[in-house]
């Protein structure tokens, strides 16, 4: 609790801010603006765009090989399906977080809740990217020890789309990590020792 100082007429600091210095008309006390709000908003909008595009690109990734009479689709791999679901979830959550931050911009409890949810979203992005990258590497290089042949030489368009989606999602992951750093610094600055 802040110390109470008396004004010229004996009014406390709390009374002076509520009624004006010296007993004049009441003036609203403005809360200081959060300087990290605009950068966090920009990062969230960037994450929304990146995860949305990554979801679409991976979701529609498909190629039919005339030579082998086979079709390769992202829905055939559980890792790619997880990637699509995780990126779609993070995209929707980020859009909701933008909305929440507009309606409750000065709430420190909301900032803490969003930061915790951001950690979970970052976890989804990291794990989905890792799963998709593992399958992408197998598709490009194969694994002779397990008898898994590479197939990007016959499905190069599909593999290119998968790689593009992973790169976009990885950029969103880096942006989310930066967002978390900004949020933690903001919470630290607001905390009272």
Item to check | In region 131-169, residue nearest to residue 94 (Cα to Cα) [restricted to those that are under 19 Å from the mean Cα position of the chain (by Cα) and surrounded by fewer than 18 Cβ atoms within 10 Å (Cβ to Cβ)] | outcome: 167
Checklist entry - Restricting the search to region 61-72, which residues are touching a helix residue (DSSP H, G or I) at 6+ places or on another chain (Cβ under 8 Å) and either in a helix (DSSP H, G or I) or more than 12 Å from residue 164 (Cα to Cα) (or both)? => result 62, 63, 72
Checklist entry - Which ones in region 45-67 are farther than 11 Å from residue 91 by Cα and in contact (Cβ under 8 Å) with a residue 12 or more places away in the chain? => result 57, 58, 59, 60, 61, 62, 63, 65, 67
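Taking the stated definitions as given, is residue 29 farther than 17 Å from residue 164 by Cβ, out of contact with any strand residue (DSSP E or B) (no Cβ under 7 Å at 6 or more places or on another chain) and at pLDDT 95 or above? Working first, answer last.
Details: farther than 17 Å from residue 164 by Cβ: yes; out of contact with any strand residue (DSSP E or B) (no Cβ under 7 Å at 6 or more places or on another chain): yes; at pLDDT 95 or above: no.
So residue 29 fails the test.
Specify the residue that is surrounded by the most Cβ atoms within 10 Å (Cβ to Cβ); the eligible residues are those in region 170-191 that are within 10 Å of the chain's Cα centre (by Cα) and free of Cβ contacts under 8 Å to residues at least 60 places away in the same chain. It would help to see each step written out before you state the result.
Step one: of region 170-191, the residues within 10 Å of the chain's Cα centre (by Cα) are 172-180.
Checking which are free of Cβ contacts under 8 Å to residues at least 60 places away in the same chain leaves us with 173-174, 177.
Details: 173: 21, 174: 13, 177: 14.
If we take residues in region 170-191 being within 10 Å of the chain's Cα centre (by Cα) and free of Cβ contacts under 8 Å to residues at least 60 places away in the same chain, then 173 is surrounded by the most Cβ atoms within 10 Å (Cβ to Cβ).
I'm trying to understand the selection: among the residues of region 130-146, which are at pLDDT below 85 and out of contact with any strand residue (DSSP E or B) (no Cβ under 9 Å at 6 or more places or on another chain)?
Our first condition is that a residue be at pLDDT below 85; within region 130-146, this holds for 142-146.
Of everything in region 130-146, those that are at pLDDT below 85 and out of contact with any strand residue (DSSP E or B) (no Cβ under 9 Å at 6 or more places or on another chain) turn out to be 143, 144, 145, 146.
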Item to check | residue 81 assigned to a helix (DSSP H, G or I), without any contact (Cβ under 8 Å) to a residue 24 or more places away in the chain, surrounded by 14 or more Cβ atoms within 10 Å (Cβ to Cβ) and more than 18 Å from the chain's Cα centre (by Cα) | outcome: yes
Next on the checklist: If I filter region 104-130 down to residues being without any contact (Cβ under 8 Å) to a residue 12 or more places away in the chain and part of a helix (DSSP H, G or I), which single residue comes out as surrounded by the fewest Cβ atoms within 10 Å (Cβ to Cβ)?
Outcome noted: 109
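The values are calculated or read from the model by the stated rules, or taken from the named source; none is laboratory data. Everything numeric in this text was worked out from a predicted model, so none of it was measured. Note that each Cβ is placed from the backbone with ideal geometry, even for glycine, and that neighbours are counted across all protein chains shown.
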